[in-house]
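The values are calculated or read from the model by the stated rules, or taken from the named source; none is laboratory data. All figures in this text were calculated on a predicted structure; none of them were measured in a lab. Virtual Cβ from ideal backbone geometry, glycine too; neighbours counted across all protein chains shown. For accessibility, only protein heavy atoms count, side chains too; no ligands or nucleic acids. Shrake-Rupley method; radii C 1.70, N 1.55, O 1.52, S 1.80 Å.
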Amino acid sequence: MYPDLKRMLVRHMRFPCRQAFDEAEDNRRVYQRSAAQLVEGAMDGGVSGLFMYGQTGSGKTYTMTSIEAQAAEHIFGSARQAGVECRVD
């Protein structure tokens, strides 16, 4: 709303969408195609963000929970391979 609270402010914005997945996509494949590269970049000192859009009830929470678990496996597995001891208390 504009400050007068009478007129609507509409601002059109464009966001690029690099990936789209349907309901048949496997969570491992979603991770590999969307989040694995972001995790690698974060482990190299970068900052990453992942946004999920979809209709309510479409499975975003289920998929994001899987992505979080796979990211943890990725991070701790990479640390183990590098001989770095990591733990979460």
Inset, instruction - Kindly indicate whether any position in region 65-83 is part of a loop (DSSP other than H, G, I, E, B) and open to solvent by 70 Å² or more (accessible area, probe 1.4 Å). - result: yes
Legend entry - Tally, over region 1-53, of residues that are within 30 Å of Phe76 (Cα to Cα) and either among the charged types (D, E, K, R) or assigned to a loop (DSSP other than H, G, I, E, B) (or both): 24
Inset, instruction - Would you tally the residues in region 50-64 being aliphatic (A, V, I, L, M) and either open to solvent by 70 Å² or more (accessible area, probe 1.4 Å) or modelled with pLDDT under 90 (or both)? - result: 2
Inset, instruction - Would you please list the contacts, defined by Cβ atoms under 8 Å and residues six or more apart or on different chains, that run from a residue in region 72-89 that is at pLDDT 85 or above to a residue that is surrounded by fewer than 12 Cβ atoms within 10 Å (Cβ to Cβ)? - result: Ile75/Cys86; Phe76/Cys86; Ala79/Glu85; Ala79/Cys86; Arg80/Cys86
Inset, instruction - Restricting attention to region 1-24, report how many residues are open to solvent by less than 100 Å² (accessible area, probe 1.4 Å) and either in contact with a Phe, Trp or Tyr (Cβ under 8 Å, 6 or more places away or on another chain) or within 14 Å of Tyr53 (Cβ to Cβ) (or both). - result: 5
Inset, instruction - Taking Gly57 as the residue in question, decide whether it is at positive phi and outside any helix (DSSP H, G or I). - result: yes
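Considering region 38-49 alone, what residues qualify as being surrounded by 12 or more Cβ atoms within 10 Å (Cβ to Cβ) and under 18 Å from Cys17 (Cα atoms)? Before you say what the answer is, go through the steps one by one.
To start, the set of residues in region 38-49 that are surrounded by 12 or more Cβ atoms within 10 Å (Cβ to Cβ) comprises 38-43, 48.
Within region 38-49, Leu38, Ser48 qualify.
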